[in-house]
Amino acid sequence: MNVGAGRSLRPPKAILFDLDGTLVDSAPDIAAAVNELLASRDLPPLRLDQVKAMIGGGVRKLVERAFAASGAPLVGNALDEANRVMAPIYSRHLTGLTRLMPGVREVLTHFYAKGMAMGVATNKPQLATREILLHFGLTEYFRAIIGGDAVTCLKPAPDALLLALAQLGVDPCDALLVGDSGADAGAARAAGMPVILLRGGYTHFPVEELGADQVCDSLFDLPAAMQGLQAGA
């Protein structure tokens, strides 16, 4: 395990998790949806690595980035229409190619057995989030599941985190966010809570440069990373 230096933290009462790139590797499904949308406009497909770098900021931002990368940028009403077309396409590409990230079930089982309050806070739409968690049998672990359309502002705004914590009855200073991107780090900072970021997620910036309190290689390393954070390692 390779863990970055961070500030000290008392043991959290709750852990919030991002979804895409943290709990699930959904990039192949998202790429399939993007390319189906582009094909409907007679535009060439994008590579998986291109789409992976576009994830974060919600579906509308994904659509905007995809058309820009295809050389056919959209704004205003044209972007609104493409986003409407994307909605049913996106809903058909949620679990076919998506897989759990390493260590997910083991770590969730570990903290659930300890009575830890856990939630999901993601920019992915609420229904899509629940469908994915149901598909993998993970809903039982989470007492709060907040999608991007449940709040006014998406991450890096703190809205989703604060709503999830309100449902859990835990203050931000007593909680921890686990994510993989700058949007996660920014949301945690705005909410006033510490954040651990995972390598191998969906960010085109080095994860060590995103301002996390700790960085670890996978969710298998999360318990040790939390201990290091509590010790001010």
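The values are calculated or read from the model by the stated rules, or taken from the named source; none is laboratory data. Values in this document were obtained by computation on a predicted structure and should not be read as measured data. No Cβ is skipped: glycine too gets one built from the backbone with ideal geometry, and neighbour counts run over all protein chains shown. SASA here: full protein model, heavy atoms, side chains in, ligands and nucleic acids out. Shrake-Rupley method; radii C 1.70, N 1.55, O 1.52, S 1.80 Å.
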key: Residue selected from segment 81-99 under the condition assigned to a helix (DSSP H, G or I) and of a type in the set (S, T, N, Q), by the criterion farthest from the chain's Cα centre (by Cα)   = Asn83
Out of Ala72, Ala78, Ala68, sole residue that is in a loop (DSSP other than H, G, I, E, B), surrounded by fewer than 16 Cβ atoms within 10 Å (Cβ to Cβ) and not polar (S, T, N, Q) = Ala72
message = Being among the aliphatic types (A, V, I, L, M), open to solvent by 10 Å² or more (accessible area, probe 1.4 Å) and either modelled with pLDDT of 95 or more or closer than 26 Å to Val59 by Cβ (or both) narrows it down to one residue among Leu134, Leu161, Leu138; which is it?
response = Leu134
ask   = Quick check: is even one residue across segment 194-202 of a type outside the set (D, E, K, R), more than 15 Å from Leu16 (Cβ to Cβ), open to solvent by 50 Å² or more (accessible area, probe 1.4 Å) and under 15 Å from the mean Cα position of the chain (by Cα)?
value = yes
query = Is segment 35-47 home to any residue that is crowded, with 18+ Cβ neighbours inside 10 Å and under 17 Å from the mean Cα position of the chain (by Cα)?
reply = no
task = Check whether at least one residue in segment 214-230 is on the phi > 0 side of the Ramachandran plot and either touching a residue at least 24 places away in the same chain (Cβ under 8 Å) or surrounded by 20 or more Cβ atoms within 10 Å (Cβ to Cβ) (or both), and report yes or no.
result = no
ask   = Considering Ala128, Ala121, which residue is crowded, with 22+ Cβ neighbours inside 10 Å and free of Cβ contacts under 8 Å to residues at least 40 places away in the same chain?
value = Ala128
query = Name the residues in segment 129-158 that are part of a helix (DSSP H, G or I) and in contact with a Gly (Cβ under 9 Å, 6 or more places away or on another chain), would you?
reply = Thr129, Arg130, Gly148, Asp149
